[in-house]
1. Provide the buried accessible surface between chains A and B in square angstrom, both chains summed, 1.4 Å probe, rounded to the nearest 100.
2. Give the angle, between 0 and 90 degrees and rounded to the nearest 10, that separates the Cα long axis of helix A:3-19 from the longest principal axis of the Cα atoms of chain A.
3. Any idea how far apart residue A:114 and residue B:126 come out in nm if each label point goes 7 Å out from Cα toward Cβ?
4. Using Cα-only point scatterers and the Debye equation, what is log10 of I(q)/I(0) for the protein assembly as shown at each q in 0.12, 0.16 Å⁻¹, rounded to two decimals?
5. Give the nm distances, rounded to one decimal, from residue A:66 to the matching residue in every other copy, measuring between label points 7 Å along Cα toward the beta carbon; shortest first.
6. I'd like the distance separating the alpha-carbon centroids of the range A:12-42 and the range A:71-127, in whole Å.
7. Under a 1.4 Å probe, what is the accessible area of chain B per residue, stated in Å²?
8. What is the helix-to-structure angle for B:48-57, meaning the angle in degrees between its Cα long axis and the longest Cα principal axis of chain B, kept from 0 to 90 and rounded to the nearest 10?
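The values are calculated or read from the model by the stated rules, or taken from the named source; none is laboratory data. No experiment lies behind these values; they were computed from the predicted model shown. No Cβ is skipped: glycine too gets one built from the backbone with ideal geometry, and neighbour counts run over all protein chains shown. Note: areas computed on protein heavy atoms with side chains; ligands, DNA, RNA excluded. Shrake-Rupley method; radii C 1.70, N 1.55, O 1.52, S 1.80 Å.
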Protein chains: 2
Amino acid sequence: MDDTAAARQAAYAYVDSLEQRDWPRLTALLADDVVYEMPQTRERIRGRQAFVRFNADYPGDWHLRARRVLADGSRAALLLDVRVGDETLDACIWLDLGDDGLITRITDYWPAAYDPPTGREHLTERW
Amino acid sequence: MDDTAAARQAAYAYVDSLEQRDWPRLTALLADDVVYEMPQTRERIRGRQAFVRFNADYPGDWHLRARRVLADGSRAALLLDVRVGDETLDACIWLDLGDDGLITRITDYWPAAYDPPTGREHLTERW
């Protein structure tokens, strides 16, 4: 299996193990010193033990579904449909894998809804 | 050139033509009926003429730099460093290409900074 195929497989397994709350499976995907970053809050979690605990403790009835998965060499990008109770949002996730196929870095973006600025209604439609 | 190589080339050219304000070059990358969507505001722009105008009219001294570009078949994902005056932010862009190598769909996310929720300080550090 080449790097791209391994990255694709890891990306799908990452989402599936989170959705299934399969913490041993998630742990097995991660490098021991994985770094997880949320640039919007400038939060960082170091190490797979803390990262798995962060997810296991994460409140709410959250569900993840992969809408897009791109793999390219030792990297993957995921566009997720996220549902938390009645709320839905999209997430953009970037993964880096090491030579051993384990995930070494996770960069998560949680783009929230906002009202569009005025002045471009002549070019846009809304849905 | 295979689909992935064409998607990669289109993704870099997309960012570069925007950064250079090279509207003819940008136009040449786009399908005539390209659809541009911003899911956070639920805005949609149809057609390359309107999309190029949207960018040409976009206010501010904005600059784009590709931090990550992934290409996978007829799709690409871009993580951009965006600078508008003194403000910096990240953007997550998803591109779809048609069989002719032109960009048919652009999905843009502009994740804004926010304060982290309380209760997870024991697992996270800040930067």
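1. 4700
2. Taking the Cα atoms of chain A, the angle to A:3-19 is about 70 degrees.
3. Result for the modelled spin labels: 2.0 nm.
4. -0.74, -1.26
5. Counterpart label points of residue A:66 in the remaining copies fall at 2.3 nm.
6. 16
7. Accessible area per residue: 50 Å².
8. Around 50 degrees separate the two axes.
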